[in-house]
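Input: a single structure, listed below in structure tokens.
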Amino acid sequence: MYDTVGCPYCGADNDTTDMLSDGLSSDNTTDWECEVCGEEFEVQVEFEPSFSASKIEYEDCDICNKKTRDVYRKGRVFPFPEKLETQGNNFCHVCWSKAVSEEMKV
């Protein structure tokens with residue numbers, strides 16, 4: 001499948017398949033030179049929204065037992081306090097923050 005755009009000067013279809021890998025400006029536009037007439041024109045790229053759904057998975061904090069969806073685990077967050085390594089695997093933000101703060105004071 002090819003992505004094409006018509007030249008506003010000569011009407012020729014231009015293959016823009018590689019446009020996204022070449023980079024767009026912050027307003028999703030780029031300048032393009034017509035493959036047929038050589039005139040330069042601006043191309044605007046529109047992105048259609050894509051939706052998907054998944055269950056929210058809550059886990060219990062291993063210190064306070066609070067249910068959280070934003071779990072802090074070793075290897076997923078840095079810094080990871082040494083104190084928590086012996087207290088479990090899943091931690092809420094509050095418990096993780098307290099442990100980091102205590103470790104920084106030492």
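Read-outs: derived from the displayed coordinates by stated rules, not from any lab. Predicted model only: the values in this text are computed from it and were never measured.
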So what is the relative contact order for segment 4-44, in percent, with contacts set as C-alpha pairs under 8 Å and at least six apart? 35 percent
Once every DSSP H run of n ≥ 4 in the chain is given -39500 (n - 2.57) and the sum is divided by its residues, what mean residue ellipticity at 222 nm do you get, rounded to the nearest 500 deg cm²/dmol? -4500 deg cm²/dmol
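According to the Kirkwood expression over distinct Cα-Cα pairs, how big is the hydrodynamic radius of segment 59-105, in Å?
That comes to 10.4 Å for segment 59-105.
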Cross-link partners among aspartates and glutamates for Lys67, C-alpha distance below 15 Å, same-chain residues fewer than 8 apart left out? Glu57, Glu59
Can you work out ³J(HN,Hα) from phi for every residue in segment 62-73, in order, using Karplus 6.51 cos²θ - 1.76 cosθ + 1.60 and θ = phi - 60°, giving whole Hz and x for Gly and Pro? 6, 9, 9, 6, 5, 6, 9, 9, 10, 7, 9, 10
Taking Lys83 as the anchor, which aspartates and glutamates have their alpha carbon closer than 12 Å to its alpha carbon, excluding any fewer than eight residues away along the same chain? Glu102, Glu103
Please give the helix 93-105 orientation as an angle from the longest Cα principal axis of the chain, in degrees from 0 to 90, rounded to the nearest 10. 70 degrees
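Provide the convex hull volume over Cα atoms per residue for the chain, in Å³. Walk me through the numbers on the way to the answer.
Details: hull volume 19.1 nm³, N = 106.
Dividing the Cα hull volume of the chain by its residue count gives 180 Å³.
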